[in-house]
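Trainee: Please find one structure pasted underneath; my questions will follow.
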Amino acid sequence: MPSPKRILVTGGAGFLGSHLTEALLKEGHAVFVVDNLWTGRKENLEPLRKEYGERLTFLCQDVREMDFCQEVQEIYNLACPASPPAYQQDPLATTLTCVQGALKVLELADRWHARVLQASTSEVYGDALQHPQNEEYWGNVNPHGPRSCYDEGKRVAESLFFDYRRTRGTAIKVARIFNSYGPQMDPQDGRVVSNFILQALRQEPITLYGDGSQTRSFCYCQDTIRGLMALMATPEEFTGPVNIGNPGEYTIRELAEKILALTGSASPLVYRPLPVDDPKKRRPDISLARQALPWEPRLSLDQGLPPTVHYFQSLLSNSPCPTP
Ligand code: UDP
């Protein structure tokens with residue numbers, strides 16, 4: 001076990017944030033969670049509060065105006081909605097969360113000489129013209145489309161991180177996270193895995209956007225979290241950016257078929273318009289992560305879907321969830 005540290009996780013009540021908080025608490029650290037509950041959910045932290053007591057501190061604050069000046073050794077900056085319907089709901093707030101949030105965590109890291117990790121995204125590659133995407137690729141982002149608040153916000157955050165590194169020597173780490181899924185996903189966040197599983201379990205039509213031939217690579221949440229922690233533990237000179245994702249690539253139609261088979265659902269497939277600027281193909285090249293962290297995912301989609309379906313089944317049996 002590593003020696004106990006004081007660690008700040010912004011966005012720590014969210015889907016990935018709460019899994020990360022749990023993993024850090026399990027390692028014996030004291031964790032401060034800053035989250036304004038825009039898309040994070042307090043219930044994600046409740047079991048952790050019961051199990052770990054005072055080692056977990058929750059602060060209901062917006063990262064843009066974060067008022068946190070305690071000494072920490074590590075900061076994980078995960079604060080930002082990540083699902084397209086959620087981040088497009090208030091696009092100005094999304095961009096500002098990325099930009100002002102990055103500045104806030106960088107100032108704090110600079111003050112305490114802490115390591116700071118930015119949860120960047122595969123969205124910095126936009127509708128990629130290179131496939132698979134490695135970290136050298138600069139991307140193909142529409143700078144004024146409906147996804148740009150997130151894509152460009154995250155790109156500016158990367159830029160701020162590297163400028164802090166160049167001008168102040170801050171110990172930065174930049175992870176480009178590809179689509180992640182698993183228990184604790186918000187049933188209402190509108191992402192493809194949660195939508196399809198809930199639709200299948202309720203015997204409702206599965207909504208394929210476009211013709212369903214677009215691809216994504218899905219990484220189980222525990223694998224993503226192991227990747228982020230491995231990145232944080234790399235030598236100081238290693239900054240990334242580094243892709244964290246599962247290279248298994250599936251069409252959205254294949255994903256729907258897997259979920260139908262797994263749930264035994266008779267839901268029909270229905271086709272809906274493809275959202276503007278929806279990337280056509282996405283698959284991480286994880287050679288750098290394999291070599292530098294070293295890290296690679298352990299669970300395939302076939303192994304990660306059953307516990308995810310189980311999570312949504314228990315949500316539905318405990319309370320009737322609203323339709324996504
Ligand atoms: N998608 C879909 N049906 C849904 C939700 C999403 O076909 O109910 C598609 C979406 O158009 C995209 C892919 O699934 O091509 C992944 O969407 P998601 O919102 O999960 O994440 P993204 O990778 O687009 O940020």
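Trainee: What pairs come out if I take residues in segment 187-200 that are under 17 Å from Arg41 (Cβ atoms) and pair them with residues that are hydroxyl-bearing (Ser, Thr, Tyr) and in a loop (DSSP other than H, G, I, E, B) whose C-beta lies under 8 Å away, six or more apart or interchain?
Mentor: Every condition considered, the pairs that remain are Asp189/Thr39; Asp189/Ser83; Gly190/Ser83; Arg191/Ser83; Leu198/Thr323.
Trainee: Also, I was wondering about something else. Which of the residues spanning segment 162-186 are free of Cβ contacts under 8 Å to residues at least 60 places away in the same chain and within 20 Å of Ser120 (Cα to Cα)?
Mentor: Selection gives Asp163, Tyr164, Arg166, Gly169.
Trainee: Find the helices (runs of 4 or more DSSP H) located wholly in segment 216-324 whose residues include 2 or more that are among the β-branched types (Val, Ile, Thr), within 13 Å of the ligand (Cβ to nearest atom) and in contact with a Phe, Trp or Tyr (Cβ under 8 Å, 6 or more places away or on another chain), and list them. Break it down stepwise before answering.
Mentor: Numbers: elements: 221-232, 252-263, 287-292, 301-318.
In segment 216-324, 252-263 are the helices (runs of 4 or more DSSP H) which contain 2 or more residues that are among the β-branched types (Val, Ile, Thr), within 13 Å of the ligand (Cβ to nearest atom) and in contact with a Phe, Trp or Tyr (Cβ under 8 Å, 6 or more places away or on another chain).
Trainee: Give Asp277, Asp285 a once-over and let me know the one that is more than 17 Å from the chain's Cα centre (by Cα), in contact (Cβ under 8 Å) with a residue 60 or more places away in the chain and on the phi > 0 side of the Ramachandran plot.
Mentor: Asp277
Trainee: Among the residues of segment 9-34, write down those that are within 16 Å of Met66 (Cα to Cα) and either out of contact with any helix residue (DSSP H, G or I) (no Cβ under 7 Å at 6 or more places or on another chain) or without any contact (Cβ under 8 Å) to a residue 24 or more places away in the chain (or both).
Mentor: Phe32
Trainee: Could you check Thr39 against (1) over 18 Å from the mean Cα position of the chain (by Cα); (2) part of a loop (DSSP other than H, G, I, E, B) and say which number it fails?
Mentor: Of (1) over 18 Å from the mean Cα position of the chain (by Cα); (2) part of a loop (DSSP other than H, G, I, E, B), only one is false for Thr39: (1).
Trainee: Condition check: modelled with pLDDT under 95, in contact with a Gly (Cβ under 9 Å, 6 or more places away or on another chain) and among the aliphatic types (A, V, I, L, M). Does Met66 satisfy that?
Mentor: It is false that Met66 is modelled with pLDDT under 95, in contact with a Gly (Cβ under 9 Å, 6 or more places away or on another chain) and among the aliphatic types (A, V, I, L, M).
Trainee: Considering only residues that are of a type in the set (Gly, Ala, Ser) and under 20 Å from Glu249 (Cα atoms), look in segment 198-215 and name the one that is farthest from the ligand (Cβ to nearest atom). Before the answer, list the steps.
Mentor: Filtering segment 198-215 for residues of a type in the set (Gly, Ala, Ser) gives 200, 210, 212-213.
Next, only the ones that are under 20 Å from Glu249 (Cα atoms) stay: 210, 212-213.
Details: Gly210: 6, Gly212: 6, Ser213: 10 Å.
Per the stated criteria, the residue is Ser213.
Trainee: Quick one: which of Gln199, Gln188, Gln133 is within 21 Å of the chain's Cα centre (by Cα), under 27 Å from Leu37 (Cα atoms) and of a type in the set (S, T, N, Q)?
Mentor: Answer to the check: Gln188.
Trainee: Just to check your reading of the model, which residue among Leu37, Leu78 is under 12 Å from Gly14 (Cβ atoms) and buried (at least 23 other Cβ atoms within 10 Å of the Cβ)? Write out each step before concluding.
Mentor: Values: Leu37 fails: buried (at least 23 other Cβ atoms within 10 Å of the Cβ).
Going through Leu37, Leu78 in turn, just one is under 12 Å from Gly14 (Cβ atoms) and buried (at least 23 other Cβ atoms within 10 Å of the Cβ): Leu78.
Trainee: So which residues in segment 192-210 are crowded, with 20+ Cβ neighbours inside 10 Å and more than 18 Å from Asp302 (Cα to Cα)?
Mentor: Scanning segment 192-210 gives Gln199, Ile206, Leu208.
Trainee: Against the conditions (1) in a loop (DSSP other than H, G, I, E, B); (2) within 14 Å of Gly17 (Cβ to Cβ); (3) away from the ligand (no atom under 16 Å from the Cβ), where does Tyr76 fall short? Just the number, please.
Mentor: If we test Tyr76 against (1) in a loop (DSSP other than H, G, I, E, B); (2) within 14 Å of Gly17 (Cβ to Cβ); (3) away from the ligand (no atom under 16 Å from the Cβ), just (1) comes out false.
Trainee: Go through segment 156-185 and count every residue that is surrounded by 22 or more Cβ atoms within 10 Å (Cβ to Cβ) and part of a helix (DSSP H, G or I).
Mentor: Residues meeting the conditions: 2.
Trainee: On to the next question. Among the residues in segment 192-205, are any of a type in the set (D, E, K, R) and not in a loop (DSSP other than H, G, I, E, B)?
Mentor: No - not one qualifying residue is present in segment 192-205.
Trainee: Let me ask something else. If you take the residues in segment 130-185 that are more than 16 Å from the ligand (Cβ to nearest atom) and among the aromatic types (Phe, Trp, Tyr), which one is nearest to Gln303 (Cα to Cα)?
Mentor: Tyr137
The values are calculated or read from the model by the stated rules, or taken from the named source; none is laboratory data. From a predicted model like this one, the values you see are computed outputs, not experimental measurements. Ideal geometry is used to build each Cβ from the backbone, glycine not excepted, and the neighbour counts take in all protein chains shown.
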